[in-house]
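Here the structure comes first, spelled out in C-alpha cells, and everything after it is commentary.
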Amino acid sequence: MTKLGMRLTLLITMIATVGCDHVTKHFASGTLQGTPGRSFLADTVRFAYVENAGGFLSVGADLSEPVRALLFTGTTGLMLLALAAVGIRFRVTGWPALGVSLLVAGGASNWLDRAVRGSVIDFLNVGVGPLRTGIFNFADVAIMLGAAICLVSELRRGEPAA
C-alpha cells in the first residue's frame, strides 16, 4: 500500500471510529435514557444508560467540576495531541499506526463529549455471572483495541525472525 493510501486508510478509520461512537451514543441516549436496563444473551450483554463524569470506571467522578475539567479535558487533550505527534514524528506505520489511530480516535471522541457535555455516555456491559466489565461505549472499545494492537506489535517487534 502506498504512503498516501495508508494515510487515507488511517484517516477514514479515525473518522469512522468517532462517527460510530457518536451514533451509538445518540442511539443509547434516545432509547435507553430514563428506562430500566436491558439484558440479552442470557444476561451476557447488558445495555444501560449512564453519564460518566469521571474517567475509566468512573474514577474521579466525585472530584469538583474544575478539577475534572482540568484532568479529563485539559490533560487528556494534551495527551492525545502528544500521542498523535509522536505517531507522526516517528513515522509510525503498519499495525502500530492503526493502533495509535484507534487510541487517538477513541480518546478524541470521549474528549469531545467531555468538552461539550461535561460527561461521557456509557451504555454497554458484558460478562458472565459475577465476572463483568465496567459500563463502556464504542470509543472505549477503540481505545482498548488500539492499545492491544500497539502492545502486540511491540512484543512481536522483539521476536526473532522465523
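Checked against the criterion of being without any contact (Cβ under 8 Å) to a residue 24 or more places away in the chain, at positive phi and not hydrophobic (A, V, I, L, M, F, W, C), the stretch 126-133 contains one or more residues that satisfy it. Of all the numbered requirements in (1) more than 24 Å from LEU11 (Cα to Cα); (2) of a type in the set (D, E, K, R); (3) surrounded by fewer than 17 Cβ atoms within 10 Å (Cβ to Cβ), ARG46 misses one, and that requirement is (3).
Does PHE123 satisfy the criteria of being of a type outside the set (A, V, I, L, M), closer than 18 Å to CYS20 by Cα and without any contact (Cβ under 8 Å) to a residue 40 or more places away in the chain?
Working: of a type outside the set (A, V, I, L, M): yes; closer than 18 Å to CYS20 by Cα: yes; without any contact (Cβ under 8 Å) to a residue 40 or more places away in the chain: no.
Criteria not met by PHE123.
Restricting attention to the stretch 125-142, the residues that are part of a strand (DSSP E or B), buried (at least 20 other Cβ atoms within 10 Å of the Cβ) and aliphatic (A, V, I, L, M) total 0.
For the stretch 67-76, the criterion of being within 15 Å of ILE135 (Cβ to Cβ), surrounded by 13 or more Cβ atoms within 10 Å (Cβ to Cβ) and among the small types (Gly, Ala, Ser) is met by none of the residues. The single residue among ALA115, ALA105 that is surrounded by fewer than 23 Cβ atoms within 10 Å (Cβ to Cβ), assigned to a helix (DSSP H, G or I) and either touching a residue at least 24 places away in the same chain (Cβ under 8 Å) or touching a Ser or Thr at 6+ places or on another chain (Cβ under 7 Å) (or both) turns out to be ALA115.
Where a number appears in this text, it was derived from the coordinates with a stated rule and is not lab data. Please read all numbers here as calculations on a predicted model, not as lab measurements. Positions of Cβ are backbone-derived with ideal geometry, glycine not excepted, and every protein chain shown enters the neighbour counts.
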